[in-house]
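The values are calculated or read from the model by the stated rules, or taken from the named source; none is laboratory data. Keep in mind that this is a model prediction, so the values were computed, not measured. Here the Cβ is made from the backbone with ideal geometry for all residues, glycine too, and neighbour counts use every protein chain on show. Areas reflect the complete protein model, heavy atoms only, side chains present, ligands, DNA and RNA absent. Shrake-Rupley method; radii C 1.70, N 1.55, O 1.52, S 1.80 Å.
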Amino acid sequence: QMKRSGVGLLERWISQTVDSDTRAGLGSQIGDERRHYRLMGEQAMRLGGRLPVRPQQEALTRLFAEIEALTADLDRFCAFHRGVKLFTVDRCSHLIPVVDESLAETLEILVHEDERHIRWADTRLERLLTYETMRTCNLLMGRMRTVLEAAWEQPWQRLMRGRERRVE
């Protein structure tokens, strides 16, 4: 859901930004996000599952709607790159040691490329962020993290319970 929602967000954002550097960078990221979604779909099928047709967590749907409602590139960089993507990189790093080798390799690819996206966004933020706007950005990042933490908790617990049963 994160990758699929990310593609939609980036597609709409690219059509709304007036900054040509932002438009070029987002265009590159759209391709990466589409490939990430495909790679995760392949992994899901390999493991006997499938990617859901509809969003599974309403909280994530609302989160992406909130980001899309933001109008300033600065706010979107804070919410999406420093909020959603940074959280995703952190959680994938937690997953890598506890999943099979093939999935771990795929997650490592996603982490590496998402880290590159975050670094690129940080260069944009250096130009846009001021002392006055820092508080708003911190609040946005905190709100994103709170929603993502809540969405992450239940799947993580299911994964750990499944691993414990296999070890027993």
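For the chain, modelled as a Gaussian network with Cα springs under 10 Å, which listed residue fluctuates most, 143, 116, 135?
Maximum fluctuation in the GNM of the chain, among the listed residues, is at 135.
Would you mind checking which residues have amide H under 5 Å from residue 17's amide H? H placed 1.01 Å from N; only 5 or more apart, or other chain.
none
Report the Cys residues of the chain lacking a disulfide-compatible partner, meaning no second Cys Cβ under 4.7 Å from their Cβ.
92
According to a simple spin-label model (label point 7 Å from Cα along Cα-to-Cβ), what is the distance in nm between residue 18 and residue 133?
1.3 nm
When ligands, DNA and RNA are left out and all protein chains stay put, how many square angstrom of accessible area per residue does segment 25-87 have with a 1.4 Å probe?
50 Å²
What is the helix-to-structure angle for 58-69, meaning the angle in degrees between its Cα long axis and the longest Cα principal axis of the chain, kept from 0 to 90 and rounded to the nearest 10?
It is inclined by approximately 20 degrees.
Quick one: pull the percent of accessible area on segment 41-168 belonging to carbon and sulfur, 1.4 Å probe, ligands and nucleic acids left out.
54 percent
How far is helix 2-16 tilted off the main Cα axis of the chain, in degrees rounded to 10, range 0 to 90?
20 degrees
Mind grabbing the accessible area of residue 98 for me, 1.4 Å probe, Å², rounded to tens?
30 Å²
Please tell me the relative contact order of the chain in percent, rounded to the nearest whole number, where contacts are Cα pairs under 8 Å and at least six residues apart.
25 percent
Helix 20-46 sits at what angle to the longest principal axis of the chain, using alpha carbons and giving 0 to 90 degrees rounded to 10?
Here the helix axis deviates by roughly 10 degrees.
With runs of 4+ DSSP H residues as the only contributors, calculate the mean residue ellipticity of the chain at 222 nm using -39,500 (n - 2.57) per run, divided by the residue total and rounded to the nearest 500.
-27000 deg cm²/dmol
Which value, in debye to the nearest 20, describes the size of the charge dipole of segment 75-141 about its Cα centre when Lys and Arg Cβ atoms bear +1, Asp and Glu Cβ atoms bear -1, and nothing else is charged?
Dipole size: approximately 460 debye.
At what distance in nm do the modelled label points of residue 158 and residue 44 sit from each other, each positioned 7 Å from its Cα along Cα→Cβ?
1.1 nm
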